[in-house]
Amino acid sequence: MHKQGATRYQKFLKSEKAKTKLKGKKDLPKGTNVTKTNFKVKKIIIQEQLKKHGQTEALSSKKLNAKELLSRLSHFNTNARMEALNGLKELITLHTDSLEVNLGQFIHGVTPLILNIEKNVRRESIKVVHLVLTHVSTDKIDPFLDVLSTYLRSAMTHIDSRIQEDSLLFLDVLLLCTPQLIAHDFHKIIPNFLDMISKLKDTNQGRTLIVNLNSQITSVKWRVKVFYRLQQFLHKFAECNDVYKIEQLSDKTHVFDIKNKNNFPLFNPIYTSVCTVSCFSSKTTQNVLISGEEEKFQSYLETLMPLMFDIWLEARPNVKGDKNIETVINEDAAILLKHILDVISIIWELVEYFNKTYPRSLLKNSFIQKYKSLFSQHFVAAFPYVTNVRSRLPKTDLPFESTIKDPKLIIENLEICYLYISINPNLNIKNNQKDITAIFNYIENNFTSNSQGPMLDVAIKVMNKIISEEISSNWTNSLYIVEPLFRKMISTYCSDSSSTYLKQQMFSLLFKMYLNNNLVGFHSNAVFVYWLHILPEVLLESTISSDIINILHRLAVSNNKSFNNVVKPKLTDIITNLPKITISDSTQKSSYYKLFSILYWINSWDAKSFELLENQIMNNEYKSDYGQYILDTLKSRGGIID
């Protein structure tokens, strides 16, 4: 029989026997196992708990003041921070005085939460900042601009993509409430837009586009969000610097007042401004002293423009060869196209602004030479574009993503036409006839008397650029290309279905064509001659705008012979209607003075018209002192009757 080995229990007994045995036995002293109850208790008192809130102190619904709520913003619990933010909103809404007293503490306490890891905390902190900025004047926010700008830039370049997305919402609030302040940090904020869509490969190699692999949204939608905010930021910067007003000619009528001191400038201030020229500059060198602001802006363009071309190259389909076939793009690409074109349009306005401010920088010429061929290659080659708009419910949080309502994309295509004409002032017509013909045919086909809203504004902007002297001076030799469009403009002005606003805009455009010597070849056209004959009919209407008055006055002064030829046949009817005319957009006497001063430039009057005017003045048919003004104006001429 096989002999079994020792069991586990036997081994345990053997090991226990081998242990060293302690000799003796020690018992616990008597009474040590009894529980003692002779200890003393003392209350713990926190001094802040003894403080009572004042009767007039601003408190939230949970009886907490501003200091207590601000201290809870740093609490580790998310719900505690949310309750503190809600309490601050209550104080700001119901107790505005407490906000002004604790403004610095509010901004320093709430703004850091924009970098919080929790989405709810970030969104709620942005709402609180919005309330703060709307209830306080801009002057009081100015000392804290550095704090707001610093956290904005930190959020825009944060490693967490979710915080980057919410930083755009924070930027929306700043652009809405403090546009002038945020525009001052233009050169600090604009580089962060570049970091949101690209990354720096190397100092010498430039930037490359970022693909959002870890984000919940596609790269196209992310770029749409960024470009939408970039367009808004550039627009506010342009407004704060009066970029859009620089092209508006100041046409003011100075009325002489014998009782007051009268000062009339002899020269336009823009022509007498100081032009800083480097003492080291010469005619043969391009290295001139440039302002730091213009130089920085030019460096941004060298980075941003190639990125936008690359982004659109990724989104658009392959280029077709036939210009008569429309290019179909999806809705996301259409939205991206809209915002990219908006950015390029504002950039072009800023380029013209900086070029006029710093004329020796040659920024405009440099921009045209670098990007005119790239713009034609990326945008005009597949022109025009159309899309298919999906039927879906509008998004409440991001409404700008659903702005494409026209599947034909007429506004976007007209914007391409405007940019193409703007950046090609010296275009070779023969070498680019295919593109030019497509551009002008599209403008002509999509401009009608029923045009309204933004579509009409873009079309007017395009036609203003076409008849401008810098464009028409080079394209005059090929008048056959633009002549059909000019005919369309006149037919639109004469159409009965055209609105009053459209007729006023067409009148202004046709007047500019009349004053443009580069378009003198079209002045003898039968359609244009017909418009000249119906020109005085504007003075037969009951209402007239101040812009039309300025145009008629300038026409009477600069082209007196042509003005008399078209006005004299209808002079009697004009005199009859003159007391009944009201200026629709002005109630100032100076506007009426300018209207009546047009009579001064009529060279010779017939006896019937002069007698009619004299009877009107004698019968006091003119309001105020307008009759006396007309009489004094005509007396200063002398010998007006033929």
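Summed over the range 494-522, residues that are of a type in the set (Phe, Trp, Tyr) and either in contact with a Gly (Cβ under 8 Å, 6 or more places away or on another chain) or under 17 Å from residue 543 (Cα atoms) (or both) total 2. With respect to residue 542, is the statement that it is open to solvent by less than 40 Å² (accessible area, probe 1.4 Å) and among the polar types (S, T, N, Q) true? The answer is no for residue 542.
Restricting attention to the range 496-507, the residues that are more than 18 Å from residue 454 (Cβ to Cβ), touching a residue at least 24 places away in the same chain (Cβ under 8 Å) and open to solvent by 30 Å² or more (accessible area, probe 1.4 Å) add up to 1.
The helices (runs of 4 or more DSSP H) found wholly in the range 481-597 and carrying at least 1 residues that are acidic (Asp, Glu) occupy 546-558, 571-577. Residue count for the range 605-642 under the criterion of being more than 49 Å from the chain's Cα centre (by Cα), surrounded by 11 or more Cβ atoms within 10 Å (Cβ to Cβ) and part of a loop (DSSP other than H, G, I, E, B): the result is 3. Selection of first residues in the range 326-343 that are without any contact (Cβ under 8 Å) to a residue 60 or more places away in the chain and assigned to a loop (DSSP other than H, G, I, E, B) and of second residues that are surrounded by fewer than 19 Cβ atoms within 10 Å (Cβ to Cβ) and among the polar types (S, T, N, Q), restricted to Cβ pairs under 9 Å at least 6 apart or on distinct chains, gives the following pairs, ordered by first then second residue: 330/388. Checked against the criterion of being modelled with pLDDT under 85 and more than 17 Å from residue 553 (Cβ to Cβ), the range 587-601 has at least one qualifying residue.
Evaluate the following for residue 570: is it modelled with pLDDT of 85 or more, open to solvent by 10 Å² or more (accessible area, probe 1.4 Å), more than 36 Å from the chain's Cα centre (by Cα) and among the basic types (Lys, Arg)?
Numbers: modelled with pLDDT of 85 or more: yes; open to solvent by 10 Å² or more (accessible area, probe 1.4 Å): yes; more than 36 Å from the chain's Cα centre (by Cα): yes; among the basic types (Lys, Arg): yes.
Spelling it out, residue 570 is indeed modelled with pLDDT of 85 or more, open to solvent by 10 Å² or more (accessible area, probe 1.4 Å), more than 36 Å from the chain's Cα centre (by Cα) and among the basic types (Lys, Arg).
May I ask you to say which residue of 564, 525, 516, 560 is polar (S, T, N, Q), under 32 Å from the mean Cα position of the chain (by Cα) and either open to solvent by less than 30 Å² (accessible area, probe 1.4 Å) or on the phi < 0 side of the Ramachandran plot (or both)?
Working: 564 fails: under 32 Å from the mean Cα position of the chain (by Cα); 525 fails: under 32 Å from the mean Cα position of the chain (by Cα); 560 fails: under 32 Å from the mean Cα position of the chain (by Cα).
Criteria check complete, one pass: 516.
Screening residue 124 against (1) open to solvent by 90 Å² or more (accessible area, probe 1.4 Å); (2) modelled with pLDDT of 90 or more leaves a single unmet condition, (1).
Output the number of the condition that residue 108 fails; it satisfies all remaining conditions of (1) under 22 Å from residue 174 (Cα atoms); (2) not in a helix (DSSP H, G or I). Exception for residue 108: condition (2).
The values are calculated or read from the model by the stated rules, or taken from the named source; none is laboratory data. Values in this document were obtained by computation on a predicted structure and should not be read as measured data. Using ideal geometry, Cβ is built from the backbone for each residue, glycine included, and neighbour counts are taken over all protein chains shown. Heavy atoms of the whole protein, side chains included, go into the accessibility calculation; ligands, DNA and RNA do not. Shrake-Rupley method; radii C 1.70, N 1.55, O 1.52, S 1.80 Å.
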